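Read through the structure below, which is laid out as structure tokens, and then see the notes.
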Amino acid sequence: MTKKQVHLAAHFPGVNNTTVWSDPASGSQTDFSSFVHFAQTAERGLFDFLFLAEGLRLREHRGRIHDLDVVGRPDTFTVLNAIAAVTTHLGLGGTINTTFNEPYELARQFASLDHLSGGRAAWNLVTSSDAFTGENFRRGGFLDPSDRYQRAGDILAAATELWLSWDGDDVPEVRHRSAQFDFHGRFTLPPTPQGHPVLIQSGDSEQGREFGAATADAIFSRHSTIEAGQRFYRDMKDRLPRYERAEADLTILPAATFVVGDTEADAEERAEHVRRAQVSPQTAIAFLEQVWGRDLSAYDPDGPLPDVDPDPDAASITRGRVRHEKDTLQVANDWRDLAASTKGSAPGGGLTIRELIIETTARQSFVGTPAQVAAQIDDAVQADASDGFILIPHLVPGGLDEFVDTVIPELQDRGAYRSAYAGTTLRDHLGLRRPTTAEVADSRRSA
Amino acid sequence: MSGRMHLAVELGGAGRHPGAWRLPGADAENLFTAEHHLSLVRTAARGGLDLVALTDSFVPPGDDPDALRGSLDAVAIAARVAPVVPGIGLVPTATVTHTEPFHLSKAIATLDLVSTGRAGWEPAVSRTPSEAELFGRKDAADPEVLWREASEVIDVVVRLWDSWEDDAVIRDEPTGRFVDRDKLHYVDFDGEFFSVKGPSITPRSPQAHPPIVLRGDEPSAVPVAARWADVVRIAAPTVAAAAELRDQVRTAVADAGRDPAAVTVLLDVETLVGGDLAQLDALAPAGADTGPRGLRHVGDAAGLAALLREARDAADGFTLVPLALPSGLDRIVDEVLPALGDAWTPAPEGTLRERLGLARPANRYERSSRSEPRHEGAR
């Protein structure tokens, strides 16, 4: 019996402090040449797909545009279509918000991408009720938080009806009426090479998990440790029978970061160096301010934590990113304990502000020699902590180079990774069936 | 506008004629593949045309179930073509009536990034109830309202294009700042139809303002074209009528406070070189509008070249609109362009703005104290 195979996806480095811009090797976040390099490297490494996150408003911190992290993104559909021109097999996954798009236009854009890429499109479907982002859109922040999954479900149902509406020469009118939408008309494109794009879900709430189990082809999760990964994996796969789906129908891909070194010690040293670059002195203060809810710019990042307590009434002072500290006083006290009990360079021997933030922000998921990193990935997949990973490098555009050159051959030697693409569509890479027009007709009848 | 005769070609479906998709050789089964569009744009680039205009609409022309039923998103086609077909301007139509200005702004800016400065944009309105019903958010409206809204959309899109100054990214390690937030600008647009906060999420593009192409032959559209267009497309039944329409456009541009010499007026000429119009008409679905919409040349290449030479003073150039593709484009490039002789020279290399004789624009948000020369071109 062949070994369970590792699936890998490549997350283009994001607009946050994980992406290091102070490194001399750091290139443009938005030049197309960066996307070409990154995508072609992922394809050389036989990755399933490239993944783009989304942010539709520049983040703000203390009422002003956040200026410490990389910032700037291209339009997702446009850059993915352009990447399709310079790759031949790599899947092209884009995060697209359901709140600030209408189903007809969105279905047509994804269908166009799937046709023009020869069947490589994927949609990471996210929902937002964020009025802050809504200020950039005609309809504003109109969505009540409790309606988020309703809108996601309705838009996906509507898009699927459109995608699979052509039945040979018959182009029937689609009439869609749901809580969120009421529209009708004919779709202007036939079913795409993949039937319709691969669907990715990333919600982790109970509602999000159930929605993913019912509809998604792949899950972008945050549970990258073995134990948490196994719990999530089992939970998700156990939900599938309710929807008459098999375990192979849903690929679980946690986000993961990595640092490769010539020796284990070299890798550890490089990992430490990357974490320091990710948390500059200014970034350390900004992180602290998110918890304290007040201006801490007068504090020395290389000094001890503030004596003053967090402002319990402060509204979130960072907008446009997901970060929820529920009980800020509790977090502050935990951090004080951690700083006091850990050896650092603060007066008295504890951790400084910057050292604490480095300590509390996530360590890289995989650190080691190429053989060690390959073993960690393979072991996690064989232990059903995941079906693979969405890798998030810390550098644009060369952050995948070393991984592809050194870790991929190790994974192949372990018999855990493909040596060539078996097909040309993303569904082929993920081992998924192509949905058909008849299926939608069935589900419509049974609905 | 430069002194050179500008030539564009319109690409959409199997050609403008409603019977074209049934012609042998129409490649109708491949209309939804990248290869079909790559081949067309490569041919146009080989010929040295200034730009291709990629048509788009949420509904197929007419409502006849026997007609060609669809099309790919035109911005998507342009982006798919851009990295692998150099040397030609790419001007997709993107409609503004049912779409988000914020998305449009970054889509066209991104097309400019992936084409290293060869993007343009033809904004169009969605007039019909059929289009409104595909969204179910608002009713179809009068042309006057639609174009007033279009003007707002263009206004906010251009503001968003300027919302990042060219040198906003500073990577200043001593202060830990990646970006200079004083060079990022809220657009704070609050209009009759919508409001948009900004700034864009996409940095200023190579051309900063990809050229805006608008139709100037509908009364409600003329003031919008006069205010915003870098290129105005007109259609007229005769050369004399075209000259008159061009003069009206120039007057409107001047009345809007802009220099008419900065606006390129392109006259539509429908073309069927060496084809059989009667055959096309016979293939069209019953009741379909077979045109012509303005000047139409049916005949040989020499005759079309003669018409373009005759009409060259009536416009700054032409948008050739093949009635049937891909044969109509092949004929233009292989036969008509050579027949033009010294009346036409291929478009120079460079950005689409450069081809149109337009400088890279100043940024409206940039303070005058920092108005030293900016770095130009591709970044």
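Taken as a whole, the condition of being in contact with a Gly (Cβ under 7 Å, 6 or more places away or on another chain) and away from every other protein chain (no Cβ under 14 Å) does not apply to A:Phe183. Check segment B:294-305 and report whether any residue there is within 22 Å of the chain's Cα centre (by Cα), part of a loop (DSSP other than H, G, I, E, B) and closer than 24 Å to B:Trp21 by Cβ. So far as segment B:294-305 goes, yes, one or more of its residues are within 22 Å of the chain's Cα centre (by Cα), part of a loop (DSSP other than H, G, I, E, B) and closer than 24 Å to B:Trp21 by Cβ. Cβ separations smaller than 7 Å between residues 6+ apart or across chains give the following pairs from segment A:124-147 residues that are at the interface with another protein chain (Cβ under 9 Å from one of its Cβ atoms) and on the phi > 0 side of the Ramachandran plot to residues that are part of a helix (DSSP H, G or I) and surrounded by 16 or more Cβ atoms within 10 Å (Cβ to Cβ): A:Gly140/A:Gly134. B:Asp112: surrounded by fewer than 21 Cβ atoms within 10 Å (Cβ to Cβ) and at pLDDT 95 or above, yes or no? Considered against the rule, which asks whether it is surrounded by fewer than 21 Cβ atoms within 10 Å (Cβ to Cβ) and at pLDDT 95 or above, B:Asp112 comes out as no. Of all the listed residues (B:Asp155, B:Asp167), the sole one being of a type in the set (Asp, Glu), outside any loop (DSSP other than H, G, I, E, B) and more than 7 Å from chain A (Cβ to nearest Cβ) is B:Asp155. Scanning segment A:95-109 for residues that are more than 17 Å from A:Pro74 (Cβ to Cβ) and more than 8 Å from chain B (Cβ to nearest Cβ) yields A:Thr98, A:Thr99, A:Pro103, A:Leu106, A:Ala107. Could you say whether any residue in segment A:151-172 is in a strand (DSSP E or B), over 29 Å from the mean Cα position of the chain (by Cα) and in the same structural domain as A:Gly63 (by TED's automatic domain parsing)? There is at least one residue in segment A:151-172 that is in a strand (DSSP E or B), over 29 Å from the mean Cα position of the chain (by Cα) and in the same structural domain as A:Gly63 (by TED's automatic domain parsing). Summed over segment B:151-167, the residues that are under 28 Å from B:Ala229 (Cβ atoms) and either of a type in the set (A, V, I, L, M, F, W, C) or touching a helix residue (DSSP H, G or I) at 6+ places or on another chain (Cβ under 7 Å) (or both) give a count of 10. Screening segment A:54-82 for residues that are in contact with a helix residue (DSSP H, G or I) (Cβ under 9 Å, 6 or more places away or on another chain), more than 7 Å from chain B (Cβ to nearest Cβ) and not basic (Lys, Arg) and picking the one that is surrounded by the fewest Cβ atoms within 10 Å (Cβ to Cβ) gives A:Glu60. Only residues that are assigned to a helix (DSSP H, G or I) and β-branched (Val, Ile, Thr) were counted across segment A:78-134, and they come to 4. Might you let me know whether segment A:425-440 holds any residue that is among the polar types (S, T, N, Q), in contact with a Lys or Arg (Cβ under 8 Å, 6 or more places away or on another chain), surrounded by 15 or more Cβ atoms within 10 Å (Cβ to Cβ) and at pLDDT 95 or above? Scanning segment A:425-440 turns up at least one residue that is among the polar types (S, T, N, Q), in contact with a Lys or Arg (Cβ under 8 Å, 6 or more places away or on another chain), surrounded by 15 or more Cβ atoms within 10 Å (Cβ to Cβ) and at pLDDT 95 or above. Of the residues making up segment B:202-230, those that are hydrophobic (A, V, I, L, M, F, W, C) and out of contact with any helix residue (DSSP H, G or I) (no Cβ under 6 Å at 6 or more places or on another chain) number 4.
A quick yes/no check of all residues on (1) within 12 Å of another protein chain (Cβ to nearest Cβ); (2) not aliphatic (A, V, I, L, M):
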position	(1), (2)
B:Ala76	yes, no
B:Val84	yes, no
B:Asp112	yes, yes
B:Ser115	yes, yes
B:Trp147	no, yes
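If you go through segment A:245-295 and pick out every residue that is touching a Lys or Arg at 6+ places or on another chain (Cβ under 7 Å) and among the small types (Gly, Ala, Ser), you end up with 3.
Right, A:Ala271: assigned to a helix (DSSP H, G or I), buried (at least 16 other Cβ atoms within 10 Å of the Cβ), within 14 Å of chain B (Cβ to nearest Cβ) and at negative phi or not? No.
Can B:Gly89 be described as under 22 Å from A:Thr76 (Cβ atoms), of a type in the set (Gly, Ala, Ser), in contact (Cβ under 8 Å) with a residue 60 or more places away in the chain and more than 11 Å from chain A (Cβ to nearest Cβ)? Answer is no for this residue. Checked against (1) away from chain A (no Cβ under 12 Å); (2) of a type in the set (Asp, Glu); (3) closer than 21 Å to A:Asn101 by Cα; (4) not in a loop (DSSP other than H, G, I, E, B), B:Asp139 passes all but a single condition, namely (4).
Scanning segment A:27-45 for residues that are over 25 Å from A:Asn97 (Cβ atoms), touching a helix residue (DSSP H, G or I) at 6+ places or on another chain (Cβ under 7 Å) and surrounded by fewer than 21 Cβ atoms within 10 Å (Cβ to Cβ) returns A:Gly27, A:Arg44.
The values are calculated or read from the model by the stated rules, or taken from the named source; none is laboratory data. Here the structure is a predicted model, which is why all the values come from computation and not from measurement. Glycine gets a Cβ as well: all are built from the backbone with ideal geometry, and neighbour counts include every protein chain shown.
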